[in-house]
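Everything below concerns the one structure shown next.
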Amino acid sequence: MLGLFFKTKIIDFKLVAPFAKNVMLAGTFNKWSPNSLKMNKDDNGVWRIKMKLKPASYEYKFVIDGNWMTDPENMFTSVSNSGIVNSIIEVK
C-alpha cells in the first residue's frame, strides 16, 4: 500500500525572456493547453511558475507570445516520430 501514495513536489519552471509580453507553460501535465498556465514576470525579466507535480516524466514547452519553444536551460529533450522536440523533466 505504501507505493500507491506519491508525494507531490514543487517544481519551479523559469525562463529568461525580458522582452516577452506573455509566457505560458504547456506540457503533458496540462494536456498541452497553451492557455492554462500563465507564467509571471519579475523585475529582471525572468518568467516563473511553480507547480505541484507527482513523480513521473513530463514533456513541456514554453509558449512565448504565441511561439512554442523548448527550455533553453534544459538539455534533456525527446523527439517524436514527426520531428517535434520537447523538453523533459523527471520528477522523482
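Any read-out appearing in this document is the output of simple, stated calculations on the displayed coordinates, not a laboratory observation. Just so it is clear, the structure is predicted and the values come from calculations on it, not from any experiment. Positions of Cβ are backbone-derived with ideal geometry, glycine not excepted, and every protein chain shown enters the neighbour counts.
Its Cα centre serving as origin, segment 2-91 has a Cβ charge dipole (Lys and Arg +1, Asp and Glu -1) of approximately 380 debye.
Shape analysis of the chain places it in the oblate category; the axes a ≥ b ≥ c from the Cα gyration tensor give an a/c of at least 1.5, with a/b not above b/c.
Taking 18 Å as the cut-off for C-alpha to C-alpha distance, list the pairs among LYS9/LYS92; LYS7/LYS31; LYS7/LYS38 that go past it. Pairs exceeding 18 Å: LYS7/LYS31; LYS7/LYS38. Legend: calculated FRET efficiency, VAL79 to LYS31, from the Cβ-Cβ distance at R0 = 25 Å, rounded to 0.05, equals 0.80. Take every pair of alpha-carbon atoms less than 8 Å apart whose residues are at least six positions apart; their mean separation over the length of the chain yields a relative contact order of 29 percent.
Dipole of segment 2-91 computed with +1 at Lys/Arg Cβ and -1 at Asp/Glu Cβ about the Cα centre; of LEU15, LEU37, PHE76, farthest Cα towards the positive end is LEU37.
Each peptide in 81-91, 22-32 receives the mean, over its residues, of other Cβ atoms within 10 Å, and ordering these scores from highest gives 22-32, 81-91.
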